1. Can you tell me which residue among Arg23, Arg35, Arg3 is in contact with a helix residue (DSSP H, G or I) (Cβ under 6 Å, 6 or more places away or on another chain), of a type outside the set (Asp, Glu) and over 21 Å from Thr159 (Cα atoms)?
2. If the requirement is being over 15 Å from Leu104 (Cβ atoms), in contact with a Ser or Thr (Cβ under 7 Å, 6 or more places away or on another chain) and either modelled with pLDDT under 95 or not assigned by TED's automatic domain parsing to the domain that holds Arg163 (or both), which of these qualifies: Met19, Met66?
3. Which of the residues that make up region 24-41 are of a type in the set (Gly, Ala, Ser) and touching a residue at least 12 places away in the same chain (Cβ under 8 Å)?
4. Need pairs with beta-carbon distance below 7 Å; first residue at positive phi and within region 144-167, second basic (Lys, Arg); sequence gap 6+ or separate chains.
5. Please note which helices (runs of 4 or more DSSP H) are completely contained in region 17-91 and include at least 3 residues that are loosely packed, with under 14 Cβ neighbours inside 10 Å and in contact with a Gly (Cβ under 9 Å, 6 or more places away or on another chain).
6. When you go through (1) within 22 Å of Ser79 (Cβ to Cβ); (2) in a helix (DSSP H, G or I) one by one for Ile136, which number turns out not to apply?
Amino acid sequence: MDRFIVLFRSINAGIKLPMAEARACLAAEGFANVRSYIASGNILVDADGDGEAVEIRVERAVARDMGVTVQAIVRTAASWSELAAANPLPDAARDRPNLLHLCLSKRPLAPDTAATLQPRLASHEALAQAGGGLWIDYGDGVARSRLTPTALDKAAGSTVTARNWNTVLKLLAMAQE
């Protein structure tokens, strides 16, 4: 049995998914050691199978039992650790952890995803692709950025969700417990 990190897309930004109910739903689906972190759609589960199988089971269970259509992006605890270690923007992690975001896609990112987004960067932003993720330092904040969810999805060619550096580290710690 492996540990997986489940990231739901758009929770509290259009989709309401109470975490207590989501935990109960996934436990009833047969996932073990189901835990959540904050109310923005971060859940850890232990399960057999690969990430894609877990993703499908999670999405189907939530739709069936909670009546909510939600997209989940799943990574193993081991790959999460590798992602965190690959952070190419350590100064942003130190100075602005809430503005440094790790963006993950349902499908593997094309090698030129960051280059595709480069023209949208503001002068106070930084962008890098490393470890299978897209890293964005939003500098002055996410709200004014042209690196919008729609732009990220288009560049990635599939659904993308993002977590800030503080959340990345908290999920890493929880995955290692």
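1. Sole residue among the options that is in contact with a helix residue (DSSP H, G or I) (Cβ under 6 Å, 6 or more places away or on another chain), of a type outside the set (Asp, Glu) and over 21 Å from Thr159 (Cα atoms): Arg3.
2. Met19
3. Just the residues of region 24-41 that are of a type in the set (Gly, Ala, Ser), to begin with: 24, 27-28, 30, 32, 36, 39-41.
Hits for region 24-41 are Ala28, Gly30, Ala32, Ser36, Ala39, Ser40, Gly41.
4. Partner pairs satisfying both residue conditions: Gly157/Arg107.
5. No helices (runs of 4 or more DSSP H) qualify here.
6. Status for Ile136: all satisfied but (2).
The values are calculated or read from the model by the stated rules, or taken from the named source; none is laboratory data. Please read all numbers here as calculations on a predicted model, not as lab measurements. Glycine also receives a Cβ, built like all others from the backbone with ideal geometry; neighbour counts cover every protein chain displayed.
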